[in-house]
Amino acid sequence: MSGIAERLRRVAGTLPAGVALVAVSKFHPSEAIAEAYDAGQRRFGESRVQELTAKASVLPADIEWHFIGHLQTNKVRQLLGVPNLALIESVDSERLLECIDSEAARTGRTARVLLQVHVAAEDTKFGFLPAEFIDYFKGRRFEHLKATHICGIMGMATNTDDEARVAADFAAISSLRRQALEAAPDLRGFDTVSMGMSHDYPLAIAQGATLVRVGTAIFGDRGY
Ligand SMILES: *Cc1c(COP(=O)(O)O)cnc(C)c1O
């Protein structure tokens, strides 16, 4: 017994209605995912295209895969080729968004994405700066997308024990989604707020998360 099913139930049991769980399985083997799957989990998150593709090819087809890592444009084609790819959460630049849109249009699919924003103090993290994010919607640059549905926003809080800082970062992410909607009130299905990881997801939920991405609290430590 690895305890995955039990930890999954514990985490899932703390989520209020309206908050969905992405079980972040990166760096864990397919067997671990199968255990969570057997306990009822269907939504899994991976951060590398190669790894997601390999796992998707051996695991059940009704898994909804979420991509949550930095995506290089030269991997977009391979990622969009995964039939049960549900959501690319980590679209961190307009250039990447354009690349995803052309590839989706070329293959006659619709890509579902979140735009990743950068609000945390760390300067190593990818994402739209708040002003860039708002400008994108004010400028209505989403209007020419042919095959991409922007479903909402994704972000991370500063990695710190200072809960007030973490809560403020999550509040900023939630607020950016509302500001985008004010700038473009006709946006449809722009509902998802993906924020919160193992150590901070309760704070994220308190600030309006609708999707939390939890790895370690379910699968244990990653061996890297
Ligand atoms: C790894 C990862 C997570 C999960 O982190 P845990 O601390 O293991 O819960 C969530 N979001 C992103 C973007 C990640 O890369």
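The values are calculated or read from the model by the stated rules, or taken from the named source; none is laboratory data. Nothing here was measured: the structure is a model prediction, and the numbers come from that model. Neighbour counts are summed over all protein chains in view; Cβ atoms, including those assigned to glycine, are modelled from backbone coordinates with ideal geometry. Heavy atoms of the whole protein, side chains included, go into the accessibility calculation; ligands, DNA and RNA do not. Shrake-Rupley method; radii C 1.70, N 1.55, O 1.52, S 1.80 Å.
Some observations on this one:
- Residue count for segment 203-218, restricted to those that are among the small types (Gly, Ala, Ser), near the ligand (Cβ under 10 Å from one of its atoms) and outside any helix (DSSP H, G or I): 1
- Test: Thr216 is crowded, with 16+ Cβ neighbours inside 10 Å and hydroxyl-bearing (Ser, Thr, Tyr): no
- Test for Thr148: is it open to solvent by less than 50 Å² (accessible area, probe 1.4 Å), of a type in the set (Ser, Thr, Tyr), away from the ligand (no atom under 15 Å from the Cβ) and closer than 22 Å to Leu80 by Cα: yes
- Selection status of Gly81, on the phi > 0 side of the Ramachandran plot and not β-branched (Val, Ile, Thr): no
- If only residues of segment 179-202 that are surrounded by fewer than 20 Cβ atoms within 10 Å (Cβ to Cβ) and part of a helix (DSSP H, G or I) are counted, the one that is nearest to the ligand (Cβ to nearest atom) is Pro202.
- Selected residue (only one of Leu52, Leu97, Leu87, Leu79 is part of a helix (DSSP H, G or I), open to solvent by less than 60 Å² (accessible area, probe 1.4 Å), within 14 Å of the ligand (Cβ to nearest atom) and at pLDDT 95 or above): Leu52
- Candidates Arg43, Arg7 - the one that is of a type in the set (D, E, K, R), over 30 Å from Asp135 (Cα atoms) and in contact (Cβ under 8 Å) with a residue 60 or more places away in the chain: Arg7
- Output for segment 55-74, where each listed residue is closer than 25 Å to Asp101 by Cβ and surrounded by 17 or more Cβ atoms within 10 Å (Cβ to Cβ): Ala56, Ile63, Trp65, His66, Phe67, Ile68, Gly69, Leu71
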